Amino acid sequence: QVQLVESGGGLVQTGGSLRLSCAASGRTFSELYMGWFRRAPGKEREFVATVNRSGDITYYADSVKGRFTISRDNEKNTVYLQMNSLKLEDTAIYYCAASTKWATKLYEVDYWGQGTQVTVSS
């Protein structure tokens, strides 16, 4: 079983930045593909970004491309999401996701974190 614990959420103004972290335990971190999803108020959970096991291949949703950066540190068993130029529509609960395969769909994710709230205000 994999445990995922997110941190770094909070309140930020439009145009600001936040960095989310997700610490993983319970399995060899470098064996896992890691990603981030989010659920905005009144909407379904959606894909945000993913990174492969070695950290050299990433993929983003069009809505965040060029503003968000996903990265991982296999020594620290942690994945990050650097969020810049935040917009009101980025307000959501952000969930860390771990998978044994490349995952951009909800059903492809094997493990979920509990989520961290990000609120962007004007």
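The values are calculated or read from the model by the stated rules, or taken from the named source; none is laboratory data. Just so it is clear, the structure is predicted and the values come from calculations on it, not from any experiment. Here the Cβ positions follow ideal geometry from the backbone for every residue, glycine too, while neighbour counts run over all protein chains shown. Surface accessibility is based on the protein's heavy atoms, side chains included, excluding ligands, DNA and RNA. Shrake-Rupley method; radii C 1.70, N 1.55, O 1.52, S 1.80 Å.
Odds and ends about this structure:
- Leading residue by the ranking (least open to solvent (accessible area, probe 1.4 Å)) among those in the stretch 44-89 that are part of a loop (DSSP other than H, G, I, E, B) and among the polar types (S, T, N, Q): Asn52
- Close pairs (7 angstrom Cβ cut-off, 6 or more residues apart or separate chains): more than 9 Å from Thr116 (Cβ to Cβ) in the stretch 1-30, of a type in the set (D, E, K, R) and modelled with pLDDT under 95 anywhere: Val2/Arg27
- Scanning the stretch 93-122 for residues that are closer than 16 Å to Gln1 by Cα and β-branched (Val, Ile, Thr) gives Thr100, Val109.
- Scope the stretch 3-23; condition surrounded by 14 or more Cβ atoms within 10 Å (Cβ to Cβ), of a type in the set (A, V, I, L, M, F, W, C) and touching a Ser or Thr at 6+ places or on another chain (Cβ under 7 Å); matching residues: Leu20, Cys22, Ala23
- Residue match in the stretch 110-121 (condition: open to solvent by less than 30 Å² (accessible area, probe 1.4 Å), touching a strand residue (DSSP E or B) at 6+ places or on another chain (Cβ under 6 Å) and farther than 27 Å from Thr14 by Cβ): no
- Of the set (1) over 19 Å from Gln82 (Cβ atoms); (2) exposed (fewer than 12 other Cβ atoms within 10 Å of the Cβ), all apply to Leu32 but (2).
- Here Trp102 meets each of (1) open to solvent by less than 40 Å² (accessible area, probe 1.4 Å); (2) closer than 21 Å to Ser54 by Cα with one exception, condition (1).
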